[in-house]
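Values quoted throughout were computed directly from the atomic coordinates according to the rules given, and no laboratory measurement underlies them. Treat the numbers as computed from the prediction; the structure is a model and nothing was measured. Here Cβ is always computed from backbone atoms with ideal geometry, including for glycine, and neighbour counts include all displayed protein chains.
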Amino acid sequence: MAAAPRVQPDAFFTPDDWSALTHRSAWRGLWSVAHCWAVIGAAMVVGALWPLAIPLAVVVIGTRQLGLFVLMHDAAHAGLHRNRKINDWVAHWLCTPTLRAYRPYHLQHHRYVQQTEDPDLVLSAPFPIKRSSLARKVWRDLSGQTFYKQRFAHIAQRIRARTEGESAWRLLGQEVAKDRRFLVGNAIGFALFSAAGFWWVWLLMWLLPMMTWLPLVSRIRNIAEHALVAQNEPDPLRQARTTHASWLARAVIAPYWVNYHAEHHMFTNIPCWNLPRAHRILKRDGVTSRMEMESGYVALLARAAPAA
């Protein structure tokens, strides 16, 4: 199938606007990554000093864990730094070490968005769903079941399905080797925090957010971006959705301008921190009225999972 229809930037922006919007900064991406880790660190300190704040810390940290993925996503478009080597190094070592595998997968999503060849179509195609179904998904996310399924269920499945003569321990070793960065990184983090006498901080304010809030906000992000968008949508202004995010939504659901997804799909060359500026220009010129837009995440979820 041919690639999804695209827009031409000069139909929406002046040359000066486009040059400013697509400018690759030498510091803004690095600042965003530093900000993300600083928020995580500050939330851990608050939770350690005042344990009653741990539930809030879980929410804040889980959202910033998504933020690290969002910034890695920007790096997949070479938007995190103007030097490609620095862009990739920062994404791999300071965000999430999945850039090499993620980039070709994600660029295929952009090329064939909402078409049969879109590898992310499976995430949006089931919607709308029943509200009871969404409630079950939310429970699986918050109870850690989604995390287990994504991280470890394939190991148990492969061991159960092993052919005659294969060793379960050998298969386990092979699967663990695939996730060695995740396992080794968390083992080192736990060891360092334990040496400082704060092993429980690592468990409650790094692993727990990763097991609970991160899967939930990742699901909400996926729903917001493409759910209820028509398959094979011919209008590039309506192939993805932008969702209005208040300061609270940005803090606990949508970090680093990830809510401007329609603009991102229309203009993939724009770094994430310039998406609000692009949105303002499009709004000024009346373009946003033709785009796929939603007033907020609560309203979007109500449409994605309507009451019976």
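Considering only region 256-301, state which residues are touching a residue at least 24 places away in the same chain (Cβ under 8 Å), under 20 Å from LEU30 (Cβ atoms) and assigned to a helix (DSSP H, G or I).
Selection gives CYS272, TRP273, ASN274, ARG277.
Of all residues being crowded, with 16+ Cβ neighbours inside 10 Å and touching a residue at least 60 places away in the same chain (Cβ under 8 Å) in region 82-107, which is farthest from TRP37 (Cα to Cα)? Just the residue, please. I'd like the intermediate steps shown before the answer.
Let us first name the residues in region 82-107 that are crowded, with 16+ Cβ neighbours inside 10 Å, namely 82, 87-88, 90-92, 94-96, 98-99, 102-103, 106.
Among the residues that remain, those that are also touching a residue at least 60 places away in the same chain (Cβ under 8 Å) are: 90, 94-95.
Numbers: VAL90: 13, LEU94: 9, CYS95: 9 Å.
Looking at residues that are crowded, with 16+ Cβ neighbours inside 10 Å and touching a residue at least 60 places away in the same chain (Cβ under 8 Å), I get VAL90.
Identify all residues within region 199-243 that are part of a loop (DSSP other than H, G, I, E, B) and either out of contact with any helix residue (DSSP H, G or I) (no Cβ under 8 Å at 6 or more places or on another chain) or in contact (Cβ under 8 Å) with a residue 60 or more places away in the chain (or both); write none if there are none. Working first, answer last.
Going through region 199-243, the residues part of a loop (DSSP other than H, G, I, E, B) turn out to be 212, 227-235, 239-241.
Selection gives THR212, ALA227, LEU228, VAL229, ALA230, GLN231, ASN232, GLU233, PRO234, ASP235, GLN239, ALA240.
If you scan region 97-119, which residues turn out to be under 22 Å from LEU275 (Cα atoms), of a type outside the set (Lys, Arg) and within 16 Å of the chain's Cα centre (by Cα)?
Within region 97-119, LEU99, TYR102, HIS106, LEU107, HIS109, HIS110 qualify.
Could you please tell me which pairs satisfy a Cβ distance under 7 Å, a separation of 6+ or placement on different chains, a first residue in region 35-47 that is closer than 24 Å to LEU80 by Cα and in contact (Cβ under 8 Å) with a residue 24 or more places away in the chain, and a second residue that is among the aliphatic types (A, V, I, L, M) and assigned to a helix (DSSP H, G or I)?
The qualifying pairs are CYS36/LEU68; CYS36/LEU71; VAL39/VAL60; ILE40/ILE61.
Considering each residue of region 1-50, count those that are closer than 27 Å to TYR112 by Cα and of a type in the set (A, V, I, L, M, F, W, C), and give that number.
10
Just the residues that are assigned to a helix (DSSP H, G or I), touching a residue at least 60 places away in the same chain (Cβ under 8 Å) and among the β-branched types (Val, Ile, Thr), please, taken from region 113-143.
VAL138
Out of curiosity, is HIS110 surrounded by fewer than 22 Cβ atoms within 10 Å (Cβ to Cβ) and either at positive phi or in a helix (DSSP H, G or I) (or both)? Give the steps one after another, and end with the answer.
Numbers: surrounded by fewer than 22 Cβ atoms within 10 Å (Cβ to Cβ): yes; either at positive phi or in a helix (DSSP H, G or I) (or both): yes.
Yes.
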